[in-house]
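Here is the structure we will look at, set down as structure tokens.
The values are calculated or read from the model by the stated rules, or taken from the named source; none is laboratory data. Note that the coordinates shown come from a computational prediction; the quantities given were computed from them, not determined experimentally. Here the Cβ positions follow ideal geometry from the backbone for every residue, glycine too, while neighbour counts run over all protein chains shown.
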């Protein structure tokens, strides 16, 4: 690696660490309503700004759930889902690429023993492992994006599996955000919207049991 390439990697790593530290330190002071007002004030540019904000928040370990709720409140259940999913996929892909750029080669040179077997097992599963961890969030979303970047899972498989399997969660949180905005506006249908979102989250929470049953049947 050239000296320039090394310095670029160091600068990128320091930028991500500094940004994530700033977000984690001040996240209790972030006002979601202020973010909503700012996005709404941008008019036609609002969706693009929201997607970019969501992507940046994902890279810097900001809560995707809060942003998804804001997306539902701002854009409604359909477009909110589209924009939430777009921001989540963009951010998770960027984090994946950052991790691969900063640490992929280092991990490949130094992995051994148990770590090597774990990574090789993940890589052997490929998109199936990505799909499982998106549907069954055993690892925090923001951390998982970086962890998967340290493997040699193909980028296309990662992006497609992430987009498809993050969709149920995006729908559920978007509906909850929309329900909150509807309730604030006095819409009588707000309860139904909220129940729809909660039902989606409950279904996602039930997925681990379904996955275990499916794997038990296929291994008999």
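Of all residues assigned to region 130-138, none qualifies as being surrounded by fewer than 20 Cβ atoms within 10 Å (Cβ to Cβ) and under 21 Å from residue 103 (Cα atoms). For region 148-165, the criterion of a residue being at pLDDT below 85 and either out of contact with any helix residue (DSSP H, G or I) (no Cβ under 9 Å at 6 or more places or on another chain) or farther than 30 Å from residue 16 by Cα (or both) is satisfied by no position.
Every residue, every condition in (1) assigned to a helix (DSSP H, G or I); (2) buried (at least 17 other Cβ atoms within 10 Å of the Cβ); (3) at pLDDT below 90, yes or no:
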residue	(1), (2), (3)
48	yes, no, no
51	yes, yes, no
54	yes, yes, no
58	yes, yes, no
66	yes, no, yes
69	yes, yes, yes
73	yes, yes, yes
81	yes, yes, no
85	yes, yes, no
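Within region 140-179, the only residue that satisfies the criterion of being within 12 Å of the chain's Cα centre (by Cα) and outside any helix (DSSP H, G or I) is 140.
Any idea which residue in region 102-132 is modelled with the highest pLDDT, counting only those that are part of a helix (DSSP H, G or I) and touching a helix residue (DSSP H, G or I) at 6+ places or on another chain (Cβ under 6 Å)? Ranking the qualifying residues of region 102-132, first place goes to 130.
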